[in-house]
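The values are calculated or read from the model by the stated rules, or taken from the named source; none is laboratory data. The model shown is predicted, which means the values in this text are computed figures rather than measured ones. FYI the Cβ positions are ideal-geometry reconstructions off the backbone, even for glycines, and counts take in every protein chain you see. We work out accessible area using only protein heavy atoms, side chains counted, and drop any ligands, DNA or RNA first. Shrake-Rupley method; radii C 1.70, N 1.55, O 1.52, S 1.80 Å.
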Amino acid sequence: MRDIRCLAQNGLKVSPSLLAADFGDLNRQIAEVTTAGADLLHLDIMDGHFVPNLTMGPPVLKSIRPCSELIFDTHLMIAEPLKYVTAFAEAGADHLTFHLESENDPLAVIKAIRAAGCTVGISLKPATPPEAIHPYLPEIDLVLVMTVEPGFGGQSFMANMVPKIRALRERIDDLALPILLEVDGGIDEHTVSAAVDAGAGVLVAGTAVFRHPDGMKAAIARLKGQK
Ligand code: DX5
Ligand code: ZN
């Protein structure tokens with residue numbers, strides 16, 4: 001069943017970001033990352049407005065949906081997520097994460113995502129304090145802490161985000177909520193321990209998986225600490 005709520009809370013999960021894949025060979029790249037041990041597939045949706053970059057839309061999700069049974073962990077970096085929730089759900093997204101900094105009312109977006117049959121995540125840009133998400137924690141399934149400024153793959157991990165990861169881990173544990181804590185941006189075999197020690201449970205990694213010199217399988221194993 002493609003439902004993030006079925007992912008065990010214990011044990012690290014890796015969500016490779018397709019943004020770093022070869023877009024001319026998506027079918028094969030997705031098949032390879034699935035065999036390599038990916039737990040989810042992270043899809044970065046950018047609208048050239050909320051972030052200064054453009055990536056893919058619902059037609060691409062629809063085309064790649066038959067290639068994989070992985071959960072489509074869809075990261076909406078778009079100004080008006082409400083407008084596109086239904087289109088992404090119908091195209092095959094299982095999970096939709098939107099930004100707290102988007103232009104829509106968070107409760108309205110949460111309601112729309114649930115109505116579309118997907119699980120819900122909220123992401124925080126680096127400048128947004130962890131407390132900003134507190135009112136919404138009981139309503140969502142995943143928190144995504146950005147460890148780079150959203151917009152581009154291949155940037156360096158912001159170590160000053162570690163206290164934010166830790167603060168959210170503590171809050172989630174204090175409230176005993178079944179929420180996944182995901183980190184995104186600059187995660188590789190060198191930076192992963194800082195994020196995991198602070199309490200991250202789901203690791204997004206683009207460059208460090210799709211472009212690893214030793215291949216995707218070794219890359220995922222190293223992120224999970226299996227060497
Ligand atoms: C950045 C995206 C990330 C990005 C991660 O805005 O949200 O998912 O693709 O890429 P790496 O792992 O290369 O930093
Ligand atoms: Zn992302």
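Some notes on this structure:
- Exactly one residue out of ILE71, ILE64 is buried (at least 16 other Cβ atoms within 10 Å of the Cβ), in contact with a strand residue (DSSP E or B) (Cβ under 7 Å, 6 or more places away or on another chain) and on the phi < 0 side of the Ramachandran plot: that is ILE71.
- Screening GLY11 on (1) open to solvent by 10 Å² or more (accessible area, probe 1.4 Å); (2) under 28 Å from PRO106 (Cβ atoms) shows it passes everything except condition (2).
- Considering each residue of region 118-125 in turn, none proves to be assigned to a helix (DSSP H, G or I), open to solvent by 20 Å² or more (accessible area, probe 1.4 Å) and more than 30 Å from ARG28 (Cβ to Cβ).
- Spans of strands (runs of 3 or more DSSP E) in region 132-220 with at least 2 residues among the hydrophobic types (A, V, I, L, M, F, W, C) and away from ligand 1 (no atom under 12 Å from the Cβ): 142-146, 180-184
- Members of region 24-52 that are open to solvent by 40 Å² or more (accessible area, probe 1.4 Å) and either among the hydrophobic types (A, V, I, L, M, F, W, C) or over 17 Å from the mean Cα position of the chain (by Cα) (or both): GLY24, ASP25, ASN27, ARG28, ALA31, GLU32, THR35, GLY48, HIS49, PRO52
- Of the numbered criteria (1) buried (at least 18 other Cβ atoms within 10 Å of the Cβ); (2) out of contact with any Leu (no Cβ under 6 Å at 6 or more places or on another chain); (3) not hydroxyl-bearing (Ser, Thr, Tyr), the one ALA218 fails is (1).
- LEU7 vs. criteria at pLDDT below 95 and touching an Asp or Glu at 6+ places or on another chain (Cβ under 9 Å): yes
- Single residue of region 130-166 satisfying the filter (within 27 Å of LEU18 (Cα to Cα) and small (Gly, Ala, Ser)) that is most open to solvent (accessible area, probe 1.4 Å): SER156
- When region 180-202 is filtered for residues that are in contact with a Phe, Trp or Tyr (Cβ under 6 Å, 6 or more places away or on another chain) and either crowded, with 24+ Cβ neighbours inside 10 Å or small (Gly, Ala, Ser) (or both), only GLY186 remains.
- Taking region 45-69 as the range and being in contact (Cβ under 8 Å) with a residue 12 or more places away in the chain and within 22 Å of MET146 (Cα to Cα) as the test, the residues that pass are ILE45, MET46, ASP47, HIS49, PHE50, VAL51, PRO52, ASN53, THR55, MET56, GLY57.
- Condition check for VAL196: under 18 Å from the mean Cα position of the chain (by Cα) and either modelled with pLDDT under 95 or within 16 Å of ligand 2 (Cβ to nearest atom) (or both): no
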